[in-house]
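The structure appears right after this line, and notes come after that.
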Amino acid sequence: MAASTSYETFIGLEIHIQLLTETKIFCGCKSKFGDKPNSNVCPVCLGYPGVLPALNEHAVELSYKVCRAMNCDLAKEGMFERKNYFYPDLTKNYQISQFEKPFGRNGYFEYESGGGIKRIRFHEIHLEEDAGKMIHQGGRSFCDYNRAGTCLLEIVTEPEFKEPQEAEDFLQAFRRTVRHLGVCDGNMEEGSLRCDANISINTPGAGLGVKTEVKNLNSSRFVKKALQYERRRQEKVLKSGGKIIQETRLWDEDKSVTESMRTKEEAHDYRYFPEPDLPPFRPDQAFFDMIEKSQIELPLARKQRLTEDYGLTPDQADYIVEEKAAADYFEAVVALGADAKTAAKWIMGNVAKELNRIDLSKADLGTEKCALSAERLTKLLGMLADNKIHGKIAAQTLAAIFNEDKDPEVIVKEQGWDSSADEGDLEKIVQQILDENPRVVEQIRGGDQKPRGFVVGKVMKATQGTANPQSVQSIIGKLIG
Amino acid sequence: MEKDDLLITAAQAQLALSAEEAGRLETAVSEMLDYFEMMNEVDVSNLPPTTHALVRENALREDNPNPNNNQEDLVNRAPENEDNFIVIPNVL
Amino acid sequence: MTELKEHDKDINSFLEFASEDAAASVAASANQDGPLAGLTFGVKDNIAVEGMHLTCGSKMLKDFVSPYDATAVRKLKEAGAVCVGKTNLDEFGMGSSTDNSALAVTNNPWDLECVCGGSSGGSAAAVAAGLVPFALGTDTGGSVRQPASFCGVYGLKPTYGVVSRFGLVAYASSLEVCGILADSVDTTRKVFEVIKGKDGSDQTSIDHIPASADAETVAVLAGDLGLKPEVETAYKKAVDGLKSSGMKIIEVELPMLDYGIAAYYTIAMAEASANLARYNGVRYGHRSAEAGSFEDLMRMSRDEGFGDEVKLRILLGTYVLRSGFQDQYYTRAQKIRTAVRNEFDGVFTKADMIMLPAFPTAAFKHGDQSLDQFQQKLADKFTVAANLSGMPAMSVPVSVENGLPVGMQLMAPVFAEERIFKVAEKLAEVLPPAACPLSMAGQRTTEAK
């Protein structure tokens, strides 16, 4: 991917993920999206006089889990600080965040991009409280504090992406990873995963240039598009002898441009200082052991293992690893004895079609929502492999499993789809049809293969579709020669 | 403190000081800051800063929801509210 | 209740009394077997009591009613005590006279022309006047101990964190604690036993692990301490009183005290600038009627809602945290905080306790020009050390000079509250506290058995 530019590009991302906790970070209000405005609020998250924050244990655990998965140095002492700025979505007019002692530092993450594996380094990962939401209408702004105080983890990369495409590839891989970790649902549209980007360009070897920050990027595709636009814009400015102004720009997805926020951006002085209301967090060995134990095989490693150990194609492995539930399901099916490649093909094909039909997704595989347990798929594939049923019947049986929530053998038996005819029975049926159609026999003997299909069709009809067409073919060959 | 600094500080603190007020507070602010200068006499090179007077164990709360029933009462305390939103002049 | 209101007319220690009905129903349903059954109490109006105002003595919260109880208040109610009302204070606890209240002027029951001290002045005056046997206060830099001294009552500032701050409207979070103003050591002790303990709603709170209650040696300050004659005299009397109770006295020096003042105000104001940022007229409290834009609404609400002393402290606190100034002021102050603690730790290797004046003067007159706001801050030098170090301290009435009470402060290592109570009781035997001339007859509980 040769860059079409004479400049060197430096891109960094600042990602916020909403942690999947039951309650907010500092109070017992539910952490839930989409409820009636101001229905998940209390004196604490509304910043009432006299209230104090009480740190949520689970938020801390999930934070360390992410930090560990991202190969960070884990803080032996984590500390919260007050970040002071006034904004009406921030109920205390300071945000409790981390500054000097975040939970994670110096991490890195590997992802696929441009056909290879790339590594991005993280500057830090820290836990903080989210702000509320506002709707601006006419002369008024409407504040909803349901989101105020929900758990937010901020991940800051080094400015080391060289191409907008890398940033997009990374973001998709990162999203997949936090979903696998079970710490965030990764929904960019609803804002549970948010991404701001910063970009600067400079003549090669000269180091970082003056950066602009781009906000309002609510899909990974927009991250790429906005960065591509912003790089072109900066190039034009520099080529025409201008200077880049350090500023925040908003991505306008309708016009596909970035636009300066043009706010009177007073140099922010957040006046950070240690949060006196929260003691520092000093995890003991048991906590670190628990975090270590909570680690899982990350999607990239799992993909590599699925291709190497099971011979899946990269596309198949990608498809299966996209959702942890699907990957777990696939491996369960294989462990129960199914052929890996067949299982993969089925999961990507017929199973996907059926899930789609009943409004489920591969993320539901292996859950109670999904009638096709790993055992059932394994049995189904087993019957297919043993020639008890053939492909078309197997597909019918699959649909019936979803419709009737029954085991495949039961369905096949009830429906009489069993390839009841053993080879001897089938031979008699074929012989009878050949006897009834002497002309066809002659044609086949004369070298015309077309009438074979006619015979197979007759046999299928006679067996109500249960006969294996391949077996029928070989019997025809044997009887006619 | 210089007057400019006072005004920058007031802006950061979101206080709309009248000229008369600024004049009045300027003296008091400077008096106090001059007093703070005394801290420079102390050799602090080997002293760690103290934020929390007593060293404590970790304090964490379990991730269990609290039933709270008075959200509407809380919203109604806002000087202006409508349809469960708290309302202010348009921020943008 | 009517009687209380009547008696408080000239003193004006309460900003709000519980309604007759409310008090009666609370009293009827109160825990009759609780350790504080039947005791009435007042609550400084920066501590939350559900259904009552929480004004903090500020226009900003003049009409604000608390939707919840502070932890300390809840525990008192559970122990059978009955809250009769909210007491006056310096706005948000910022001051030493209660004259910084935007809502009322409270007079000292010993001399109505004098201030009652601050910032827990209303609580001190209410106890001195016999309206209640005890009241909750808050102590950020001496705000329980100094008014206790001015009003001739006991005033305990517990070990930091031992009493939950949940429901205490924050001024300087790392320094302050709920304290007790009471008519006797025994009442103080009983109340302390009830309100102490770790609280899940305040993660800086800790369990009380009692230190040894034995005291043999008390340290006192030597040299010229810049005290007014009446306090000088009272200090000497108290030292003699300790000696006659069999205590050994040693003299020490505390060179860090003056630096402590600078460090204390730097830290307190820095924390205040953030703690008071939430008052912007959006979700509750005063909203300016003048403002058009949001920016104006916020700035004008704050300008109209806060008094001068509050604005001064917010400005200074914002300034000392600004980048470029933070190391010079705030960070340095935090290091000096360590030095103050170290100095006291040193004293406590030689003595079990230290006795200091609570304040260099007795109660002064309203509007006294010789003690302006700046001078009053410097006069906190004897009290702020306990807040900087987290150690407990109690002001005990030891003398009445020229008709005004003077208190001394007993300070001990963390968790040594009982040691302080014991020595205070010994002092009370040799220097029995005088009753306030304006005290409401029959309301004061008797001294401990």
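Volume per residue, Å³, of the convex hull around the alpha-carbon atoms of chain B?
On the way: hull volume 24.3 nm³, N = 92.
With only Cα atoms used, chain B gives 264 Å³ per residue.
Based on Cα positions only, what radius of gyration and what Dmax would you give for segment A:373-481, in angstroms?
When restricted to Cα atoms, segment A:373-481 yields Rg and Dmax of 15.9, 50 Å.
Where the centre of each part is set by its Cα atoms, how far does segment B:44-88 sit from segment A:350-365, in angstrom?
If you average the Cα positions of each part, the centres end up 43 Å apart.
What's the angle, to the nearest 10 degrees (0 to 90), between helix A:299-310's Cα axis and the longest principal axis of chain A?
20 degrees
What is the angle, in °, between the Cα long axis of helix A:451-462 and the longest principal axis of the Cα atoms in chain A? Nearest 10 is fine, range 0 to 90.
Helix A:451-462 sits roughly 80 degrees off the main axis of chain A.
Putting +1 on Lys and Arg Cβ atoms and -1 on Asp and Glu Cβ atoms, find which of A:ASN403, A:ALA371, A:GLY349 reaches farthest to the positive end of the dipole of segment A:299-415.
So the residue furthest toward the plus end is A:GLY349.
Give the distance, in whole Å, between the Cα centre of segment A:121-152 and the Cα centre of segment A:372-394.
50 Å
Alpha carbon centre of segment C:101-179 versus segment A:262-331: separation in Å?
Taking the Cα centre of each part, segment C:101-179 and segment A:262-331 sit 51 Å apart.
Across peptide A:89-96, how many C-beta atoms of other chains are within 10 Å of each residue C-beta, on average? Each step should come with its number before you reach the end.
On the way: counts 2, 4, 5, 5, 11, 5, 0, 0.
So the per-residue partner count for this stretch is 4.
Can you order the peptides A:335-343, C:326-334 by their average number of other Cβ atoms within 10 Å per residue, highest first? Please report the intermediate quantities before stating the final value.
Values: A:335-343: 16.6, C:326-334: 20.3.
Highest-to-lowest ranking by the protection proxy: C:326-334, A:335-343.
Of the peptides C:5-15, A:148-158, B:76-86, how do they stack up when ordered by the mean number of other Cβ atoms within 10 Å, highest first? Write down the numbers at each step before the final one.
On the way: C:5-15: 19.0, A:148-158: 23.5, B:76-86: 17.4.
Output ranking for C:5-15, A:148-158, B:76-86: A:148-158, C:5-15, B:76-86.
Order these peptides, A:178-190, C:110-122, by their mean beta-carbon neighbour count within 10 angstrom, highest first. Spell out each step's value before the answer.
On the way: A:178-190: 18.3, C:110-122: 28.0.
The densest-packed peptide leads the list: C:110-122, A:178-190.
Considering the dipole of chain C built from charges on the beta carbon (Lys and Arg +1, Asp and Glu -1) around the Cα centre, which of C:SER164, C:GLY122, C:PRO67 is farthest to its positive end?
C:SER164
Figure the gain on full extension for C:GLU290 and C:ALA22 (residue separation times 0.36 nm, minus the Cα-Cα span) and round it to one decimal in nm. Could you put the intermediate results ahead of the total?
Numbers: separation 268, 0.36 × 268 = 96.48 nm, distance 3.72 nm.
So the extension gain works out to 92.8 nm.
What is the magnitude of the charge dipole of segment C:203-360 about its Cα centre, with +1 placed on the Cβ of each Lys and Arg, -1 on the Cβ of each Asp and Glu, and no other charges, expressed in debye to the nearest 20?
On the way: 18 positive and 22 negative charges, 69 e Å.
Result for segment C:203-360 is approximately 340 debye, rounded to the nearest 20.
Please list, ordered by chain and number, the residues whose modelled amide H lies under 5 Å from the amide H of A:GLU8; skip anything fewer than 5 residues away on the same chain.
When sequence neighbours closer than 5 places are left aside, the close amide H contacts are A:ASN202, A:THR203.
Roughly what would the spin-label model give for C:ILE249 and B:ASN46, points 7 Å off Cα along C-beta, in nm?
About 3.4 nm separates the two model spin labels.
For all pairs of alpha-carbon atoms in the protein assembly as shown, what percent lies in each bin of width 10 Å, listed from the first bin to the last filled one?
With a bin width of 10 Å, the distribution comes to 2, 10, 16, 19, 16, 11, 9, 7, 4, 3, 2, 1, 1, 0.
Can you compute the charge dipole magnitude of segment A:299-415 about its Cα centre, using +1 on each Lys and Arg Cβ and -1 on each Asp and Glu Cβ, nothing else charged? Give it in debye, rounded to the nearest 20. Please list the in-between numbers first.
Working: 16 positive and 20 negative charges, 51 e Å.
Magnitude of the dipole: close to 240 debye.
At 222 nm, what value in deg cm²/dmol follows for the protein assembly as shown if DSSP H runs of at least 4 each add -39500 (n - 2.57) and the sum is divided by all its residues, to the nearest 500? Don't skip to the answer; put the middle values down first.
On the way: 33 runs with 376 residues, N = 1022.
It lands at -11500 deg cm²/dmol.
Under 5 Å between amide H atoms, partner at least 5 residues away or on a different chain: which partners does C:CYS83 have, H built in plane at 1.01 Å?
C:PHE41
For segment A:299-415, what is the accessible area per residue in Å², given a 1.4 Å probe and the full set of protein chains? Kindly include the intermediate steps, with their values, before the conclusion.
Details: 5520 Å² over 117 residues.
Using a 1.4 Å probe on heavy atoms only, each residue of segment A:299-415 averages 47 Å².
Treating only the Cβ atoms of Lys and Arg (+1) and Asp and Glu (-1) as charged, compute the dipole magnitude of chain A about its Cα centre; round to the nearest 20 debye. Walk me through the numbers before you get to the answer.
Values: 65 positive and 75 negative charges, 249 e Å.
Here the size comes out at about 1200 debye.
For B:ILE86, which sequence-distant residues (separation of 5 or more, or a different chain) have an amide H within less than 5 Å of its own amide H, given hydrogens modelled in the peptide plane?
When sequence neighbours closer than 5 places are left aside, the close amide H contacts are A:CYS143.
Going down the table (A:LYS428/A:LYS461; A:LYS345/A:LYS406; A:LYS458/A:LYS478), which pairs top 19 Å between alpha carbons? Spell out each step's value before the answer.
On the way: A:LYS428/A:LYS461 15 Å; A:LYS345/A:LYS406 22 Å; A:LYS458/A:LYS478 17 Å.
In this structure, A:LYS345/A:LYS406 exceed 19 Å between Cα atoms.
Relative to the compact-globule scaling 2.2 N^0.38 Å, provide the ratio for the alpha-carbon radius of gyration of segment A:8-288. Show your work: numbers first, answer last.
Values: Rg = 19.2 Å, N = 281, 2.2 N^0.38 = 18.7 Å.
Taking the Cα Rg and dividing by 2.2 N^0.38 Å, one obtains 1.02.
Using the Cα centre of chain B as origin and beta-carbon charges of +1 (Lys, Arg) and -1 (Asp, Glu), tell me which of B:GLN71, B:THR51, B:LEU15 is placed farthest towards the positive end of the dipole.
B:GLN71
Determine which aspartates and glutamates satisfy two conditions relative to A:LYS118: a Cα distance under 14 Å, and not lying fewer than 8 residues away in the same chain.
Within reach: A:GLU110, A:GLU158, A:GLU160, A:GLU163, A:GLU166, A:GLU168, A:ASP169.
How far apart, in nm, are two points set 7 Å out from the Cα along the Cα-to-Cβ line at A:ARG121 and at A:LYS236?
Each label point is offset 7 Å from its Cα along the Cβ direction, giving 3.4 nm.
Want the number for A:ASP252 to A:HIS136: 0.36 nm per residue separation, take away the alpha-carbon distance, what's left? Working shown, then result.
Working: separation 116, 0.36 × 116 = 41.76 nm, distance 1.75 nm.
Result for the pair: 40.0 nm of gain on full extension.
Say the cut-off is 20 Å between C-alpha atoms; which of A:LYS65/A:LYS324; C:LYS350/C:LYS377; A:LYS133/A:LYS215 go over it?
Values: A:LYS65/A:LYS324 16 Å; C:LYS350/C:LYS377 30 Å; A:LYS133/A:LYS215 16 Å.
Too far apart for the 20 Å limit: C:LYS350/C:LYS377.
Taking all pairs of different Cα atoms in chain A, averaging 1/r and flipping that mean, what Kirkwood radius in angstroms comes out? Walk me through the numbers before you get to the answer.
Numbers: mean 1/r = 0.0373 Å⁻¹.
By the Kirkwood definition, the hydrodynamic radius is 26.8 Å.
How big is the antiparallel share of DSSP beta bridges in segment C:1-147, given as a percent to the nearest 5?
Working: 5 of 13 bridges.
Beta bridges within segment C:1-147, antiparallel portion: roughly 40 percent.
Modelling each spin label as a point 7 Å along the Cα-to-Cβ direction, I'd like the C:GLU6/C:THR349 distance in nm, to one decimal.
Rounded to a tenth, the inter-label distance reads 6.1 nm.
Shielding by partners for C:269-276, please: the mean number of other protein chain Cβ atoms within 10 Å of each residue's Cβ. Display every interim value, and only then the final one.
On the way: counts 2, 4, 7, 0, 8, 11, 7, 3.
For this peptide, the per-residue mean of nearby foreign Cβ atoms is 5.
Please list, by residue number, every one of the GluC sites (Glu not before Pro) in segment A:329-412 that is coil in DSSP and has at most 14 other beta-carbon atoms within 10 Å. Walk me through the numbers on the way to the answer.
Values: sites: A:GLU331, A:GLU354, A:GLU368, A:GLU375, A:GLU404, A:GLU409; in loops: A:GLU368.
Listed in order of number, the matching sites are A:GLU368.
Expressed as an acute angle from 0 to 90° and rounded to the nearest 10, what is the orientation of the C-alpha long axis of helix A:391-404 relative to the principal long axis of chain A?
Tilt of helix A:391-404: around 60 degrees.
Using a 10 Å cut-off around each Cβ of peptide C:299-309, what is the average number of partner chain Cβ atoms that fall inside?
Values: counts 8, 3, 3, 6, 7, 1, 0, 1, 0, 4, 2.
Counting other chains' Cβ atoms within 10 Å and averaging over C:299-309 gives 3.
The values are calculated or read from the model by the stated rules, or taken from the named source; none is laboratory data. Worth saying up front: this structure is predicted, and the values here are computed from it rather than measured. Heads up, the Cβs are rebuilt from the backbone with ideal geometry, glycines too, and the neighbour counts pull from every protein chain shown. The accessibility values were calculated without ligands, DNA or RNA, using every heavy atom of the protein model including side chains. Shrake-Rupley method; radii C 1.70, N 1.55, O 1.52, S 1.80 Å.
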